[in-house]
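The values are calculated or read from the model by the stated rules, or taken from the named source; none is laboratory data. Just so we're clear, the structure is a prediction, and the values are computed from it rather than from any experiment. Cβ atoms come from the backbone with ideal geometry, glycine included; neighbour counts cover every protein chain shown.
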Amino acid sequence: MTAMERGYEEQMAQTAARQELEQIEIELLLSGVHRFYGYDFRNYALPSLKRRIWHHVLAENVPTISALQEKVLHDRACFERFVYSLSIPVTEMFRDPGLFLTFRKKVIPLLRTYPYIRIWHAGCSTGEEVYSMAILLHEEGLYDKARIYATDMNARSLQQAKEGVYEISKMRQYTKNYMEAGGTRAFSEYYTAKYNSVILQPYLRKNIIFAEHNLATDTSFNEFNVIFCRNVMIYFNDELRDHVHGLFHESLSRFGVLVLGSKESIHFTRYSNSYEPLDRVEKIYRKNK
(Lines give C-alpha, C1' and ligand atoms only; values in the text may rest on other atoms or scores of the structure.)
Protein backbone atom coordinates (compact mmCIF):
# COMPACT_ATOMS: atom_id res chain seq x y z
CA MET A 1 0.00 0.00 0.00
CA THR A 2 1.37 3.36 -1.00
CA ALA A 3 1.65 6.32 1.33
CA MET A 4 -1.14 8.04 -0.64
CA GLU A 5 -3.43 5.04 -0.21
CA ARG A 6 -2.69 4.85 3.51
CA GLY A 7 -3.42 8.56 3.84
CA TYR A 8 -6.70 8.15 2.00
CA GLU A 9 -7.78 5.26 4.23
CA GLU A 10 -6.90 7.20 7.35
CA GLN A 11 -8.88 10.16 6.11
CA MET A 12 -11.88 7.94 5.37
CA ALA A 13 -11.65 6.36 8.84
CA GLN A 14 -11.52 9.77 10.49
CA THR A 15 -14.54 10.93 8.48
CA ALA A 16 -16.50 7.82 9.45
CA ALA A 17 -15.58 8.33 13.12
CA ARG A 18 -16.73 11.97 13.00
CA GLN A 19 -20.02 10.97 11.38
CA GLU A 20 -20.62 8.26 13.97
CA LEU A 21 -19.88 10.68 16.81
CA GLU A 22 -22.19 13.27 15.26
CA GLN A 23 -24.96 10.68 15.02
CA ILE A 24 -24.50 9.70 18.67
CA GLU A 25 -24.57 13.34 19.77
CA ILE A 26 -27.76 14.02 17.79
CA GLU A 27 -29.49 10.94 19.21
CA LEU A 28 -28.52 11.92 22.77
CA LEU A 29 -29.70 15.51 22.24
CA LEU A 30 -33.09 14.47 20.86
CA SER A 31 -33.52 11.77 23.50
CA GLY A 32 -32.77 14.29 26.25
CA VAL A 33 -35.24 16.82 24.84
CA HIS A 34 -37.92 14.14 24.57
CA ARG A 35 -37.39 12.76 28.08
CA PHE A 36 -37.04 16.10 29.84
CA TYR A 37 -39.42 18.36 27.88
CA GLY A 38 -41.70 15.89 26.10
CA TYR A 39 -40.94 17.23 22.61
CA ASP A 40 -40.17 14.43 20.16
CA PHE A 41 -37.99 15.26 17.16
CA ARG A 42 -36.51 11.77 16.88
CA ASN A 43 -38.44 10.88 13.73
CA TYR A 44 -37.76 14.07 11.83
CA ALA A 45 -35.96 13.63 8.52
CA LEU A 46 -32.26 13.54 9.38
CA PRO A 47 -30.69 15.72 6.64
CA SER A 48 -32.77 18.85 7.37
CA LEU A 49 -32.71 18.15 11.11
CA LYS A 50 -28.92 17.93 11.11
CA ARG A 51 -28.59 21.23 9.24
CA ARG A 52 -30.83 23.02 11.73
CA ILE A 53 -29.08 21.56 14.73
CA TRP A 54 -25.69 22.74 13.47
CA HIS A 55 -27.18 26.14 12.68
CA HIS A 56 -28.37 26.31 16.28
CA VAL A 57 -24.96 25.22 17.57
CA LEU A 58 -23.51 28.29 15.84
CA ALA A 59 -26.36 30.54 16.99
CA GLU A 60 -25.82 29.53 20.64
CA ASN A 61 -22.04 29.97 20.27
CA VAL A 62 -21.20 26.49 21.59
CA PRO A 63 -18.49 24.22 20.14
CA THR A 64 -20.34 20.90 19.78
CA ILE A 65 -23.75 19.27 19.70
CA SER A 66 -22.99 17.80 23.12
CA ALA A 67 -22.43 21.32 24.45
CA LEU A 68 -25.74 22.34 22.92
CA GLN A 69 -27.43 19.45 24.69
CA GLU A 70 -26.11 20.61 28.05
CA LYS A 71 -27.30 24.16 27.42
CA VAL A 72 -30.72 23.09 26.15
CA LEU A 73 -31.34 20.84 29.16
CA HIS A 74 -30.22 23.42 31.74
CA ASP A 75 -31.55 26.62 30.16
CA ARG A 76 -35.28 26.83 29.42
CA ALA A 77 -34.85 29.90 27.22
CA CYS A 78 -32.26 28.04 25.14
CA PHE A 79 -34.67 25.12 24.79
CA GLU A 80 -37.43 27.46 23.57
CA ARG A 81 -35.06 28.93 20.98
CA PHE A 82 -34.11 25.40 19.94
CA VAL A 83 -37.76 24.38 19.43
CA TYR A 84 -38.42 27.57 17.49
CA SER A 85 -35.48 26.87 15.17
CA LEU A 86 -36.68 23.32 14.49
CA SER A 87 -40.34 24.12 13.90
CA ILE A 88 -39.58 25.99 10.66
CA PRO A 89 -42.08 28.90 10.84
CA VAL A 90 -42.31 29.72 7.10
CA THR A 91 -45.72 30.90 5.91
CA GLU A 92 -47.69 33.78 4.39
CA MET A 93 -51.30 34.76 3.87
CA PHE A 94 -53.00 32.95 0.99
CA ARG A 95 -49.76 31.14 0.26
CA ASP A 96 -50.15 29.23 -3.02
CA PRO A 97 -53.23 31.22 -4.12
CA GLY A 98 -54.31 28.48 -6.52
CA LEU A 99 -55.01 26.20 -3.59
CA PHE A 100 -57.34 28.71 -1.93
CA LEU A 101 -59.08 29.41 -5.24
CA THR A 102 -59.65 25.68 -5.72
CA PHE A 103 -60.83 25.39 -2.11
CA ARG A 104 -63.45 28.07 -2.83
CA LYS A 105 -64.67 26.23 -5.89
CA LYS A 106 -64.57 22.61 -4.77
CA VAL A 107 -64.75 22.49 -0.97
CA ILE A 108 -66.89 25.48 0.00
CA PRO A 109 -69.98 23.99 -1.77
CA LEU A 110 -69.56 20.87 0.40
CA LEU A 111 -69.22 22.93 3.58
CA ARG A 112 -72.44 24.80 2.80
CA THR A 113 -74.34 21.56 3.38
CA TYR A 114 -73.09 21.24 6.99
CA PRO A 115 -74.94 22.82 9.93
CA TYR A 116 -71.61 23.37 11.71
CA ILE A 117 -68.05 23.40 10.41
CA ARG A 118 -64.88 22.40 12.26
CA ILE A 119 -61.51 23.05 10.62
CA TRP A 120 -58.10 22.09 11.99
CA HIS A 121 -54.94 23.88 10.85
CA ALA A 122 -52.20 21.56 12.14
CA GLY A 123 -48.78 23.19 12.34
CA CYS A 124 -50.27 26.65 11.96
CA SER A 125 -46.99 28.48 12.65
CA THR A 126 -47.58 32.23 13.07
CA GLY A 127 -51.17 32.07 11.86
CA GLU A 128 -51.20 33.58 8.38
CA GLU A 129 -52.87 30.52 6.82
CA VAL A 130 -55.46 30.42 9.61
CA TYR A 131 -56.51 34.03 9.06
CA SER A 132 -56.61 33.40 5.32
CA MET A 133 -59.18 30.69 5.99
CA ALA A 134 -61.14 33.00 8.30
CA ILE A 135 -61.28 35.65 5.54
CA LEU A 136 -62.32 33.08 2.93
CA LEU A 137 -65.11 31.70 5.15
CA HIS A 138 -66.24 35.24 5.98
CA GLU A 139 -66.54 36.12 2.32
CA GLU A 140 -68.46 32.92 1.62
CA GLY A 141 -70.90 33.59 4.46
CA LEU A 142 -69.80 30.55 6.48
CA TYR A 143 -67.63 31.99 9.23
CA ASP A 144 -70.40 32.35 11.81
CA LYS A 145 -71.07 28.60 11.79
CA ALA A 146 -67.39 27.63 11.75
CA ARG A 147 -64.75 26.95 14.38
CA ILE A 148 -61.11 26.95 13.37
CA TYR A 149 -58.65 25.09 15.59
CA ALA A 150 -55.12 26.37 15.03
CA THR A 151 -52.38 24.30 16.63
CA ASP A 152 -48.62 24.28 16.72
CA MET A 153 -45.96 22.93 19.06
CA ASN A 154 -44.16 26.27 19.07
CA ALA A 155 -45.43 28.58 21.83
CA ARG A 156 -43.69 31.65 20.38
CA SER A 157 -45.30 31.18 16.97
CA LEU A 158 -48.70 30.61 18.56
CA GLN A 159 -48.43 33.83 20.55
CA GLN A 160 -47.82 35.82 17.38
CA ALA A 161 -50.73 34.02 15.73
CA LYS A 162 -53.03 34.96 18.61
CA GLU A 163 -52.02 38.61 18.32
CA GLY A 164 -52.61 38.78 14.57
CA VAL A 165 -49.89 41.40 14.07
CA TYR A 166 -47.71 41.26 10.96
CA GLU A 167 -45.16 43.39 9.15
CA ILE A 168 -46.68 46.04 6.91
CA SER A 169 -43.96 45.36 4.33
CA LYS A 170 -45.57 41.98 3.61
CA MET A 171 -48.98 43.41 2.73
CA ARG A 172 -48.15 43.98 -0.93
CA GLN A 173 -47.44 40.26 -1.43
CA TYR A 174 -50.36 39.22 0.74
CA THR A 175 -52.71 41.45 -1.25
CA LYS A 176 -51.48 39.91 -4.49
CA ASN A 177 -52.00 36.42 -3.09
CA TYR A 178 -55.47 37.33 -1.86
CA MET A 179 -56.60 38.63 -5.23
CA GLU A 180 -55.25 35.57 -7.05
CA ALA A 181 -57.06 33.37 -4.49
CA GLY A 182 -60.40 34.83 -5.56
CA GLY A 183 -60.72 37.59 -2.96
CA THR A 184 -63.85 39.65 -3.41
CA ARG A 185 -63.02 42.80 -1.44
CA ALA A 186 -60.19 45.22 -0.86
CA PHE A 187 -57.69 43.27 1.23
CA SER A 188 -56.96 46.42 3.27
CA GLU A 189 -60.44 46.08 4.82
CA TYR A 190 -59.12 43.19 6.89
CA TYR A 191 -56.41 45.04 8.79
CA THR A 192 -55.47 48.34 10.40
CA ALA A 193 -52.02 49.77 9.80
CA LYS A 194 -50.00 51.14 12.68
CA TYR A 195 -46.40 52.28 12.23
CA ASN A 196 -44.50 49.38 10.61
CA SER A 197 -47.10 46.74 11.41
CA VAL A 198 -50.69 45.83 10.71
CA ILE A 199 -53.20 44.22 13.05
CA LEU A 200 -55.93 42.05 11.62
CA GLN A 201 -59.52 42.92 12.40
CA PRO A 202 -60.69 41.43 15.73
CA TYR A 203 -63.74 39.72 14.20
CA LEU A 204 -61.40 37.42 12.27
CA ARG A 205 -60.19 35.95 15.57
CA LYS A 206 -63.56 35.38 17.22
CA ASN A 207 -64.02 31.81 15.95
CA ILE A 208 -60.38 30.70 16.12
CA ILE A 209 -59.07 28.56 18.97
CA PHE A 210 -55.28 28.55 19.30
CA ALA A 211 -53.64 25.72 21.24
CA GLU A 212 -50.35 23.88 21.58
CA HIS A 213 -50.35 20.45 19.95
CA ASN A 214 -47.44 18.23 18.96
CA LEU A 215 -48.16 15.98 15.99
CA ALA A 216 -45.44 13.57 17.06
CA THR A 217 -46.74 12.90 20.57
CA ASP A 218 -50.30 14.23 21.04
CA THR A 219 -53.54 12.47 20.16
CA SER A 220 -56.71 13.40 18.32
CA PHE A 221 -58.82 15.95 20.20
CA ASN A 222 -61.94 16.43 18.06
CA GLU A 223 -63.70 15.46 14.84
CA PHE A 224 -63.14 17.78 11.89
CA ASN A 225 -64.70 18.47 8.52
CA VAL A 226 -61.43 19.85 7.13
CA ILE A 227 -57.80 19.40 8.13
CA PHE A 228 -55.05 21.61 6.72
CA CYS A 229 -51.49 20.39 7.18
CA ARG A 230 -49.27 21.90 4.54
CA ASN A 231 -45.50 21.68 4.22
CA VAL A 232 -45.11 20.16 7.68
CA MET A 233 -44.70 16.45 7.00
CA ILE A 234 -41.93 17.00 4.46
CA TYR A 235 -39.65 17.31 7.51
CA PHE A 236 -40.76 13.94 8.95
CA ASN A 237 -39.37 10.50 8.24
CA ASP A 238 -41.65 7.75 6.90
CA GLU A 239 -42.54 6.40 10.35
CA LEU A 240 -43.66 9.74 11.75
CA ARG A 241 -45.41 10.69 8.52
CA ASP A 242 -47.46 7.49 8.67
CA HIS A 243 -48.27 8.15 12.33
CA VAL A 244 -49.55 11.65 11.53
CA HIS A 245 -51.66 10.39 8.63
CA GLY A 246 -53.22 7.94 11.09
CA LEU A 247 -53.97 10.83 13.45
CA PHE A 248 -55.64 12.81 10.65
CA HIS A 249 -57.65 9.82 9.43
CA GLU A 250 -58.94 9.30 12.97
CA SER A 251 -59.76 13.00 13.33
CA LEU A 252 -61.61 13.49 10.04
CA SER A 253 -65.35 12.97 9.82
CA ARG A 254 -66.79 10.76 7.09
CA PHE A 255 -66.29 12.62 3.80
CA GLY A 256 -63.98 15.07 5.57
CA VAL A 257 -61.37 16.95 3.52
CA LEU A 258 -57.59 16.72 3.96
CA VAL A 259 -55.41 19.46 2.45
CA LEU A 260 -51.67 18.80 2.10
CA GLY A 261 -48.70 20.79 0.84
CA SER A 262 -47.54 20.85 -2.75
CA LYS A 263 -44.68 18.41 -2.07
CA GLU A 264 -46.77 16.05 0.06
CA SER A 265 -49.12 13.22 -0.83
CA ILE A 266 -51.48 10.67 0.66
CA HIS A 267 -49.91 8.01 -1.55
CA PHE A 268 -47.44 5.47 -0.12
CA THR A 269 -49.17 5.61 3.27
CA ARG A 270 -51.43 3.02 4.91
CA TYR A 271 -54.36 5.36 4.30
CA SER A 272 -54.03 5.98 0.58
CA ASN A 273 -57.14 3.88 -0.19
CA SER A 274 -59.20 5.80 2.36
CA TYR A 275 -59.31 8.99 0.27
CA GLU A 276 -60.37 10.15 -3.15
CA PRO A 277 -58.79 13.22 -4.77
CA LEU A 278 -60.90 16.34 -5.07
CA ASP A 279 -57.98 18.01 -6.79
CA ARG A 280 -54.75 16.14 -7.52
CA VAL A 281 -52.75 19.26 -8.38
CA GLU A 282 -53.61 21.16 -5.18
CA LYS A 283 -53.43 17.99 -3.01
CA ILE A 284 -57.00 18.15 -1.73
CA TYR A 285 -58.40 14.77 -0.71
CA ARG A 286 -61.79 13.58 0.57
CA LYS A 287 -62.06 10.76 3.08
CA ASN A 288 -64.28 7.99 1.73
CA LYS A 289 -63.87 5.31 4.42
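Points to keep in mind about this one:
- Residue count, the range 173-223 (criterion: of a type in the set (S, T, N, Q) and in contact with a Lys or Arg (Cβ under 6 Å, 6 or more places away or on another chain)): 1
- Subset of the range 135-177 (residues that are closer than 22 Å to F210 by Cβ and among the hydroxyl-bearing types (S, T, Y)): Y143, Y149, T151, S157, Y166, Y174
- Unique match (being surrounded by 14 or more Cβ atoms within 10 Å (Cβ to Cβ), over 24 Å from H245 (Cβ atoms) and of a type outside the set (S, T, Y)) among Q160, Q173: Q160
- Screening D218 on (1) touching a Ser or Thr at 6+ places or on another chain (Cβ under 8 Å); (2) within 26 Å of R81 (Cβ to Cβ); (3) of a type in the set (D, E) shows it passes everything except condition (1).
- Some residue of the range 104-111 being assigned to a helix (DSSP H, G or I), modelled with pLDDT of 95 or more and touching a Gly at 6+ places or on another chain (Cβ under 7 Å): yes
- For the range 29-54, the candidate set comprises residues that are of a type outside the set (G, A, S), modelled with pLDDT of 90 or more and loosely packed, with under 15 Cβ neighbours inside 10 Å; within that set, the residue that is nearest to F79 (Cα to Cα) is F36.
- Residue match in the range 110-129 (condition: basic (K, R) and either free of Cβ contacts under 8 Å to residues at least 12 places away in the same chain or closer than 21 Å to N177 by Cβ (or both)): no
- Whichever residue in the range 84-106 is surrounded by fewer than 19 Cβ atoms within 10 Å (Cβ to Cβ) and of a type in the set (A, V, I, L, M) and, among such residues, is farthest from the chain's Cα centre (by Cα): L101
- Just one of the listed residues (R254, R280, R270) is closer than 22 Å to I148 by Cα, at pLDDT below 95 and among the basic types (K, R), and it is R254.
- Identity of the residue in the range 8-28, surrounded by 12 or more Cβ atoms within 10 Å (Cβ to Cβ) and modelled with pLDDT under 90, that ends up farthest from the chain's Cα centre (by Cα): Y8
- The residues listed here are V90, V62, V57; of these, the one that is in contact (Cβ under 8 Å) with a residue 40 or more places away in the chain and not aromatic (F, W, Y) is V90.
- Y178, sole failed condition from (1) buried (at least 19 other Cβ atoms within 10 Å of the Cβ); (2) closer than 30 Å to A45 by Cβ: (2)
- Taking the criterion of being surrounded by fewer than 22 Cβ atoms within 10 Å (Cβ to Cβ) and touching a strand residue (DSSP E or B) at 6+ places or on another chain (Cβ under 8 Å), the residues of the range 138-148 that qualify are L142, K145, A146, R147.
- Where a residue in the range 219-231 is free of Cβ contacts under 8 Å to residues at least 40 places away in the same chain and its partner, wherever it lies, is exposed (fewer than 15 other Cβ atoms within 10 Å of the Cβ) and not basic (K, R), with Cβ under 8 Å and at least six apart: S220/E250
- Test result for I234, touching a residue at least 12 places away in the same chain (Cβ under 8 Å) and touching a Lys or Arg at 6+ places or on another chain (Cβ under 7 Å): yes
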